[in-house]
Structure formats: C-alpha cells, structure tokens
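**Student:** Just dropping this structure here.
Nothing in this text is a laboratory measurement; each read-out follows from the coordinates by a stated rule. Values in this document were obtained by computation on a predicted structure and should not be read as measured data. All Cβ positions, glycine included, derive from the backbone under ideal geometry; neighbour counts span all protein chains shown.
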Amino acid sequence: MLLSSNLYSHPGIPLEDHLIGVAELSDLFLSEKPSEIRERLKSICRIIALTHDIGKATRYFQDYLNANEKEKEKLKKNKETWHSLFSSVCAYYLTKELSLSDEIYPVFAFLAIRRHHGNLRDVRDDVLFDNNDAELLHKQLESIVDESFSILSSRIQNAGLPLLLNKQIISQWINGFARELRQIKKFLRNINNTISNYITLNLIYSILLDADKSQVVVKDKTVFNRKELNSADWVNSYKKKTNFPESPLNVLRKKAYYETLSHDIDSNKKIYSLNLPTGLGKTLTSLSFSLRLKEMIRTKNGVEPRIIYALPFLSIIDQNSEVFESVIKANNIELNTSILLKHHHLSEVFYKKADDEFESAEAKILIEGWNSEIIVTTFIQFFHTLISNKNKSIRKFHRLVNSIIILDEVQSIPVKYWLLLRNILMTFSEMLNAYIIFVTATEPLIFERGETVGLLNKDYYYKALDRVTMKLLLNSPMTVNNLSEFFDLSGKKTYLFIFNTITSAKDFYNLVKKKEITVTYLSTHLIPKERLKRIKEIKEKKYKVVVTTQLIEAGVDVDFDIVVRDIAPLDSINQASGRCNRNGIGKGEIYIVKLVNENGRKYASYIYDAVLLDITERILSAREEIKEGEFLDLINHYYKETREKKTQDVSRNLLEAITKLRYDSEDRSISISNFKLIEEDYPKIDVFIEVNEEARKIWREFVGLRDIDNLFLRKKTFDAIKAEFYQYVISIPMNTKNMPQAIVGEIRYVKQTLLNDYYDVETGFITKDTKSVVIW
C-alpha cells in the first residue's frame, strides 16, 4: 500500500493523486495529437502537470482548505496561501533539467503555472521577482512538513519528475531565481518574435487547464476515451435514404457535391475554400468533405481528428445541427453528446455518452472542453479560443490541434481582422496539423492567391444560375412611408423587407399591419424564444410579408418571391439575395432601396462603415438591373476595393501583441485581450421579460438562487436552468430611457403586470427615445 502524504489539493483529494491524475490526463490529451507535437511536449507537459499545485503542500494552504467558509474568505487574501508562484519556480528549474534545445520551454512552464488560476498577462509583467517574493517563498517552504513532502516528492518523481525534490534544493532555487529572471528578461527581449511562440505557450497552457479542471470534476475518466467512427460515407448514405426530387437546382447541387468530393486531397495543403451560391448545399457538401478528410488523416497519422463547425450567429446553429443530426441518425448511429455537441454561451448543460448521463458540473466541464467528435459552435467561441488571454477560452485551444475546422459564412468576419486571421490561421494550421475549410457564398479576400485550395469551379455555378434579378432603386432616396406605398402587397407573391435599424423596421411594420395581409416582425427586441418561434413559422410559409432587421440574412433558410433590402455593404446585399427564390421556381426579384429618415440621413449610415457603403454605391450606381450570374464578378470587385481601401492597422497591432506575448497589458499598449470579434458600441444590460406563466416560474427559480449560500452549488443550480432562462432575456443599452427598475444581481426584470410599459408582444421591447434612431 502506498503511503499518503496527508496533503490535499481540494477537499477530499490527496495532493499526489491530483498531480498524478493531471499528468495522466495530459498524456491522454497529448496522445490525440500528431506524433511530432506529442514527442516534443510530452516531458514538458508531464513536469508542468506534476508540479502545477505543488505549492499547495504549504501549511498555509492546508489550513485554508480545512477552514470554514467565512475563514476561507479571509485566508484567500493572504499571500502565504497562494501557491502558483511557488509551483511555477519548481516547474521552471525542473524543465531546465531536461536540457532541451529550445530555451523557451522552462519560461513557458513558469508562465503556464503562474497563471493557471487566472488569465494570461503581458509576459514582461510575469517575469518580475524581488526580495519580497523570495521571502514569501522561503516562508512557505519552511511551513511544509518534511515527512509529508518526502512522501509527496517520492510519488511524483516515480510518476515522471527528473529528480527527487527536497526543501534544500527548492531553497537554492528560490535564492537564485532573481538572477535567473534577469537572464529570462534578456532572453525574451532577444527571442524571435513569431506567432509560433504564442501557439506553443497556448497549447501547453491549454493542456494544463483542461487536465486540471477535468481531473477534479469528472469522476469517470473513461469518458475521455474516444471511439473510432467510420464516417466517410455518412452523407452519401443519408442522401441515398432521403428523397431529393429531380430539378435543375438539385442537378447543380449534386454536381457541386460530387465535384467537391472528387477533389484530390494533398495532406500538405491545410486551407480550403468551398465557394458556392446560396442554396446549393454548402452544409452537406462541407460536412461530407470533412468526413472524408477525417478518414484520410486518421489513416495517415494514426490519430482521430475532430470536426469543428463554426457559424457567425446563434440563429443558425440549431438549423445546421439538425442537418448533422439527420445525417448521423440515417446511419443508425446512436446520437449523443460525445458524437455531436452544440456549444455556445446559452447551451443547455447536458452531456450524454452511450447510456451515461453526467451531472451538471461534469457536463459543463465536458461541454466547455469540446469533448465530442463534431462540435457545432459560434465564431465567438472559435475565434476567442484562438485569440485570447482568458483561461476559460484558452482551455479548449488544444482541441484545435489535428482538427478539421469549417468556418461557415466567413464574409461576416470584420475587414479589420483579415490580416490577423490570415497570418494566425496559416501558422496555426501548419504547426498543429489543422485543416481549415472556408465556406461562403461570397468569399472575402483574406488570403493571397495560391494560399488556399478551391474545391470546385465557383464561376461555373454562379454563371449557371438565373433565379434572381436585382433591381436598383438608389437614385431617389425613400422614406419608410414612401416604401410602404411603393409595393402592391395584395397579390400572391411573398415579401421579405430587410431594414438596417429597428426604428425603420418597426415604423414599416406598423404601417403594413394595417393592411389585410398576414405579416410578422423580427428583431433583437423580441425575446429569443419568440424569435425562434417566428423563424419556424416563416419557414412553414405562414406569412405573406416578413419585416426584419439584418438578423435573418446569413444562413437562415427562408425563401421569398421578392426581397426588399435597404442599402448595405455589397456582401450583406448578396446575403439578402440568398433569401429570394432559393429553389429556383420562376424568377425572384430583390430590390435595393436607399431609405432615409425625416432629416434626410440614410439609415445605413447609423450602422455601416462609410467606406464600405461608398464602395458599394459606386459599384451599383451605373446599373439598373443585375442578373444572378453577374453577382460573383461584382462581389470580387467589391472585396478587391475593400482590401485596398480599408486599413489593417488593427490586425498589425494585434499581431505585434501576439508575437510579443503581450496577453493583457496594464499600460496603453494594444494587447491580445483587445481582440473582440464583435465590437459593442455601447455597454448593455440584460433584461428578463416575464411574458407568461412559464417565464414567471423560471424567474422564481432564478430569484431562489440567492438563498443558496454555497457559491459552487448556486452556479450548478443556475446551469440547470440557464438555457431556458435566457430564452426570455434581451440585451438593451444601459442608456435606454425606458429602463426597467426592478433588478436582481445584474439582471433587470419586467414582470407580467408591467408588460404594457416595457414590452409589446408584436415588436418587443418598447423604446421611448423618440428623438433618435434605435439600432440595437
């Protein structure tokens, strides 16, 4: 029987068991990586895992662990209780013992452990060490019980440390660490400033974070064992079992599908492009190509890639997930979370593998760690895993290694980040053997010619289509009143009106609903539950006229005879055209208008970049009509001008921060933490709208959380209702004049009896600022 040190990392978990358990999970996570990465990092990650919490051996930390909740709050603030610096110094010297050719690894071991309970900072701020730090570490070292530490050291040396730790060795390390850090600072100033250092540090840090959290929370570690799936023919099988009627459009879909699948795959080429017009089956085609690529990588490298499918908007995640579910079920595969996972900030905290369902705490760890074969997620989740300083985001970074990443609707990526994403994706894909597939109807010029592999002849498919004619009404600006009188809505055709602001959309809806036609309205002013309900009804053709903001544009599979779009950048206009006559029955029409308010100002100017609008208007100004077959040439012209005229300074500043490992800076320097895929122009606050008894029940459960003293249990209980809770929440600007007064924590609350003051069941939140244009 092994002796116990009687030291603990967490309540009821012996410290040596935790350290060894984290090392074993690190090994498991590395075993999924390509052999070159596995061999390079195996020893380093094992040392980091075995030492990351060794500072918890101090009497100060053990006293903290045994204290009651009130005493813990007090002890938590004492520096003597902290353990990360002590642990990181040990890891630094032990990694040096490996005599690695790259001197950066001991520094990375130090940084990963130093910040494993927080977020990464500027490395210059973390390589500081003075006499006060040395005194603190000596004080902590002296408090450690010799006999306990001897047992602990023996256990972790047997598990893979290069030497047997004792207090004398650690004391010498502490005494020499200030001198060591002077050398580190000099070294950091002179290292080659490349993206590769950022990627390596993130990978090491990510493996530690995931193994650490998973070891503590997940009881049955066999959940991390993966099952090989022979999935290359899944989509083919699904298509055979599904009746797709013969039509000219389906003939084109079929041709595009088989052209993509017949493309020879060169495993040395990492970035691919699937550029097809809207409605030609990009989702199924990209999935099928990815499954084929997955099998090739498994055969070549002996490791099983994950597929990560990222989309820009929550509104289309369910839609695309349902397609994947249908494919999996058609192949008689039992659908569970270990095979297909939806992950975004409102995801239900539920995880199932085979017959096992996991408790919410375990489920949350498994979901947020992307423990699945196919992950459907948002751009926010993906890009903030790739570019971040945050512990929670970087934790799943290692899942990107050896993965197949499908980026759908990539035209929604802001122009200012094109250079940043080009450089980081190219380096990342080569270093970590990741494959990236860009999927879009309008491919932005993020990469240079020859840097991506086109999977089909996109020109052919655009020129083969004649579903839609674009009619340009830009010479005479219109008011909303003018627009409501311009179209005769009494015929048989269906209409989709897309507006740039909520003010113009609401005004138009209120005019149209007076006519005797079926009409509905969509915007972010409506609670998510109602938005999803209306999108479902729209797909079921329940409305003749739909009035909406831009939220319906990208990827939502709706179809109308006529689409009317307020002027916008050309890529947005092209997306709007994809909601018109998708199935090629007859001829669809899309009208582009220039709406202005009572002061003559374009509504488009409130939300879109002036340069992008100017490029669009100049491209369109000479035309009255544009056929669908001409769209590709126009969008290529638009992107060429956009790249020439829009600065990439934001990208260059962030790339500099990445190469200098400036994760979060306290001075005014741009740091990695400044990256935000979606910029918020104004601070917002969440408001819960109690629209019915069901919402009232959920709100009562939320309010009841305040009675739970244990913070961990309170979070766990909220996780169980979170997905349903946020179905009734909208975000409004903090300067809204009609701000609800009731507040619980950080959430405002509108109860049923006050709905008339704050929420309209047709158009959502009631704004009372009549002097300005509402754009949120």
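**Student:** Could you compute the net charge surrounding Y608? Neighbours are other residues with a C-beta less than 12 Å from the C-beta of Y608; K and R count +1, D and E count -1.
**Tutor:** Surrounding charge for Y608 is -4.
**Student:** Just to confirm a number: summing +1 for Lys and Arg and -1 for Asp and Glu over residues other than Q727 whose beta-carbon lies under 13 angstrom from that of Q727, what do you get?
**Tutor:** -2
**Student:** Now for a separate question. Using the structure shown, select from K33/K254; K471/K492; K294/K396; K506/K684 the pairs with a Cα to Cα distance greater than 23 angstrom.
**Tutor:** Flagged as over cut-off: K33/K254.
**Student:** What relative contact order, as a whole-number percentage, does the chain give when Cα pairs under 8 Å and 6 or more residues apart are counted?
**Tutor:** 13 percent
**Student:** Moving to a separate point now. Excluding same-chain residues fewer than 8 positions from K139, which lysines have a Cα within less than 23 Å of its Cα?
**Tutor:** Straight-distance partners of K139: K56, K72, K74, K76, K77, K79, K167.
**Student:** Please list the equivalent ellipsoid semi-axes of segment 120-202, computed as the square roots of five times the alpha-carbon gyration tensor eigenvalues, in descending order and whole angstrom.
**Tutor:** 29, 18, 11
**Student:** Can you give the log10 of the normalised intensity I(q)/I(0) at q = 0.11 Å⁻¹, computed with Debye over equal Cα scatterers of segment 476-557?
**Tutor:** Log10 of I(q)/I(0), two decimals: -0.28.
**Student:** Can you give the charge dipole size of the chain about its Cα centre, rounded to the nearest 20 debye, using +1 on the beta carbon of Lys and Arg and -1 on the beta carbon of Asp and Glu?
**Tutor:** Result for the chain is approximately 620 debye, rounded to the nearest 20.
**Student:** Another question, if that's okay. Can you divide the C-alpha Rg of segment 262-460 by 2.2 N^0.38 Å and report the result to two decimal places?
**Tutor:** Taking the Cα Rg and dividing by 2.2 N^0.38 Å, one obtains 1.00.
**Student:** Using alpha-carbon pairs under 8 Å, 6+ residues apart, how would you state the relative contact order of segment 8-217 in percent?
**Tutor:** Reported relative contact order: 28 percent.
**Student:** Under a point spin-label approximation (7 Å from Cα along Cα-to-Cβ), what is the T479-K139 distance to one decimal in nm?
**Tutor:** 7.3 nm
**Student:** Same structure again: Can you compute the label reach from L713? Point 7 Å from Cα along the Cβ direction, backbone N cut-off under 19 Å, restricted to segment 67-107.
**Tutor:** 67-73
**Student:** Now a separate question. Once you have the Kirkwood Rh of segment 148-195 from its Cα pairs, apply Stokes-Einstein at 4 °C and 1.567 mPa s and quote D in µm²/s.
**Tutor:** The calculation lands on 99 µm²/s.
**Student:** Then there is this: Tell me the angle of helix 167-190 to the major Cα principal axis of the chain, expressed in degrees between 0 and 90 and rounded to the nearest ten.
**Tutor:** Taking the Cα atoms of the chain, the angle to 167-190 is about 40 degrees.
**Student:** Moving on to the next point. In nm, give the distance between the simple-model label positions of N636 and K697, each being 7 Å from the Cα along the Cα-to-Cβ direction.
**Tutor:** 5.7 nm
**Student:** I'm a student and want to see the number: the projected area of the Cα convex hull of segment 569-723, averaged over all directions, in nm².
**Tutor:** Average projection, Cα convex hull of segment 569-723: 17.7 nm².
**Student:** How far is helix 248-261 tilted, in degrees, relative to the longest principal axis of the Cα atoms in the chain, given as a value from 0 to 90 rounded to the nearest 10?
**Tutor:** Approximately 20 degrees, to the nearest 10.
**Student:** Order these peptides, 563-576, 218-231, 143-156, by their mean beta-carbon neighbour count within 10 angstrom, highest first.
**Tutor:** Those peptides, ordered most packed to least, come out 563-576, 143-156, 218-231.
**Student:** Under 5 Å between amide H atoms, partner at least 5 residues away or on a different chain: which partners does C580 have, H built in plane at 1.01 Å?
**Tutor:** F560
**Student:** Right, something else. Quick check on packing: order 195-207, 253-265 by the mean number of other C-beta atoms within 10 Å, highest mean leading.
**Tutor:** Top of the packing list down: 195-207, 253-265.
**Student:** Another one. Which FRET efficiency value, to the nearest 0.05, do you get for Y682 and N6 by plugging their Cβ-Cβ distance into 1/(1 + (r/R0)^6) with R0 = 51 Å?
**Tutor:** Here the calculated transfer efficiency is 0.40.
**Student:** Still on this structure, please answer the following. Quick one: which of K70/K715; K514/K602; K529/K751; K529/K768; K42/K219 span more than 21 angstrom between C-alpha atoms?
**Tutor:** K514/K602; K529/K768; K42/K219
**Student:** Related question: What is the distance in Å between the Cα centres of segment 154-174 and segment 430-465?
**Tutor:** After rounding, the separation between the Cα centres reads 52 Å.
**Student:** With +1 on each Lys and Arg Cβ and -1 on each Asp and Glu Cβ, and nothing else charged, work out how big the dipole of segment 629-747 is about its Cα centre, in Debye to the nearest 20.
**Tutor:** Result for segment 629-747 is approximately 220 debye, rounded to the nearest 20.
**Student:** For segment 597-603, what does the Karplus curve 6.51 cos²θ - 1.76 cosθ + 1.60, with θ = phi - 60°, yield as ³J(HN,Hα) per residue in whole Hz, taken in order and with x for Gly and Pro?
**Tutor:** 8, 5, 8, x, 8, 5, 4
**Student:** Here's something else I'd like to know. Suppose we look only past 18 Å in the calculated P(r) of segment 338-455. What percent of the Cα-Cα pairs does that tail hold?
**Tutor:** When all Cα pairs of segment 338-455 are counted, 55 percent exceed 18 Å.
**Student:** Rg/Rh for segment 215-356 to two decimals, with Rh computed the Kirkwood way over all alpha-carbon pairs.
**Tutor:** Using only Cα positions, Rg/Rh for segment 215-356 is 0.98.
**Student:** Scan around V564 for amide H atoms under 5 Å from its own, H built in the peptide plane at 1.01 Å from N, and keep only partners 5 or more places away or cross-chain.
**Tutor:** L496, F497, I498, Y591
**Student:** Can you give the helix-only mean residue ellipticity at 222 nm for the chain, where every DSSP H stretch with n ≥ 4 adds -39500 (n - 2.57) and the sum goes over all residues, rounded to the nearest 500 deg cm²/dmol?
**Tutor:** Dividing the helical sum by the residues of the chain leaves -14000 deg cm²/dmol.
**Student:** A further question on this structure: Taking amide H atoms as placed 1.01 Å from N in the peptide plane, list the residues 5 or more away in sequence, or in a different chain, whose amide H sits under 5 Å from that of M478.
**Tutor:** HN-HN under 5 Å from M478: K594, L595, V596.
**Student:** Just to check I understand the Karplus step: with θ = phi - 60° and J = 6.51 cos²θ - 1.76 cosθ + 1.60, what whole-Hz values come out for segment 341-348, glycine and proline as x?
**Tutor:** Result, ordered by residue: 10, 9, 9, 8, 5, 10, 4, 5 Hz.
**Student:** Equivalent ellipsoid semi-axes for segment 8-217, as square roots of 5 times the alpha carbon gyration tensor eigenvalues: give them largest first, rounded to whole Å.
**Tutor:** So the three semi-axes of segment 8-217 are 26, 21, 17 Å.
**Student:** For segment 721-738, what does the Karplus curve 6.51 cos²θ - 1.76 cosθ + 1.60, with θ = phi - 60°, yield as ³J(HN,Hα) per residue in whole Hz, taken in order and with x for Gly and Pro?
**Tutor:** Along segment 721-738, the couplings run 10, 4, 4, 6, 4, 6, 5, 10, 10, 10, 9, 10, x, 5, 9, 4, 6, 9 Hz.
**Student:** With the contact rule set at Cα under 8 Å and sequence spacing of 6 or more, what percent relative contact order holds for segment 512-576?
**Tutor:** That works out to 32 percent.
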